[in-house]
Structure formats: structure tokens, C-alpha cells
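A.B. asks: I am attaching a structure below and will ask some questions about it afterwards.
The values are calculated or read from the model by the stated rules, or taken from the named source; none is laboratory data. Because the structure is a prediction, the values reported are computed rather than measured. Cβ placement follows ideal geometry from the backbone for every residue including glycine, while neighbour counts extend to all protein chains displayed.
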Amino acid sequence: MHFFLTGFMGVGKTTIGLQLSELLELDFIDLDQEIINQTGLSISEIFNNNGEDYFRVIEKDVLNKLNLQSESSIIALGGGTICDHENRKLILQNNICIYLYKSWEEIEKSLPKLKNRPLIDKNSPSKLRVLYNKRQSTYELSQLKMPINTVFETQKLANYLKLLTNR
């Protein structure tokens, strides 16, 4: 069983994933980094050279390979990974998906700090807000929703996951 972290760009999937992996003593895998490792191209290069549809094909292939690994791990997904029906089915079956939630207002404040994100680089904040709103109902399908706010602590999430999975 894997623990998948989902949510919009900039919610902290990679940062929280690294912390969780240490607390739960599990491997951490960042899906985007795995795509970079396997293709030898940055996410921006894939988007710019081949488009988002091609990127989503690669993403699906890498996700399928990761899911076949028998060792449990923490896997940080890309913001749009779970929006694909086949990906969503794979993620939600026999795994735990945690939706890391921030309000649009919180995310919008962090946009200027987010670098090398093709969807941020190519879209205005108003278009990103439309994308954020469009993805919310899909993120909500996760087994667990975790607000990332001033009282959030990764240790609390780790403790909850231990209880949930009898670890």
C-alpha cells in the first residue's frame, strides 16, 4: 500500500511527503522527479516540446510502474495526476490518498515563489483559479482531506496514518 499526496500546485506535497517519509520510515517518491529521471527532460521541457497531453501519457506510465512496487512508500503526485480517471482508480484502490488542501487565496499568494511550473508559467492567476476550482471535486475523492494551515503538523498526520493502517 502506498500513501499518495494530492492537491493543487504549491500546497506542499513534496515538502510534506519528505517529512512523512522520515516519520513513517518509508521511501519518498516525487512523481514529477521520477518523470524527470526516466525521461532526462524537465517537466517544462516536456510541456514545451511535446505538450500537456504527451506529458500525461508519460505521467500515467510512470505512476503505473511506481504502483507495482511492493514496498509501501509516500508518493507526491502532480497537481493534475488524479484528474485522469485511470490514474484516480489506481490511486484510490488499495492505497491511501491524502488531499492536502489550501484555499485559493493562500495558493495565489505563493504563486510568485513557484518556479518551473509550466501551468503557472503559461496561465494568468484567473485561469489558474478556474483550474483550481475545476480540480476540487476530484481532489475531494481522496480518502483523507488535510487542511494545510497554521495548525497543521506533519507529525499529527503521520500519527493519524499510523492509527489508520495499524503501523
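A.B. asks: Could you tell me whether any residue of segment 101-120 is of a type outside the set (A, V, I, L, M, F, W, C), in contact with a strand residue (DSSP E or B) (Cβ under 6 Å, 6 or more places away or on another chain) and either at pLDDT 95 or above or at positive phi (or both)?
C.D. replies: yes
A.B. asks: Let me ask something else about it. Name the residues in segment 139-167 that are charged (D, E, K, R), surrounded by 10 or more Cβ atoms within 10 Å (Cβ to Cβ) and assigned to a loop (DSSP other than H, G, I, E, B), would you?
C.D. replies: E140, R167
A.B. asks: Continuing with the same structure: Residues to consider are E59, E52; find the one that is at pLDDT below 95, of a type in the set (D, E), part of a helix (DSSP H, G or I) and over 15 Å from I96 (Cβ atoms).
C.D. replies: It is E52.
A.B. asks: Further question: Test of understanding: among R135, R129, which residue is surrounded by 14 or more Cβ atoms within 10 Å (Cβ to Cβ), more than 30 Å from L26 (Cα to Cα) and either free of Cβ contacts under 8 Å to residues at least 12 places away in the same chain or not small (G, A, S) (or both)?
C.D. replies: R129 is the lone residue from the list that is surrounded by 14 or more Cβ atoms within 10 Å (Cβ to Cβ), more than 30 Å from L26 (Cα to Cα) and either free of Cβ contacts under 8 Å to residues at least 12 places away in the same chain or not small (G, A, S) (or both).
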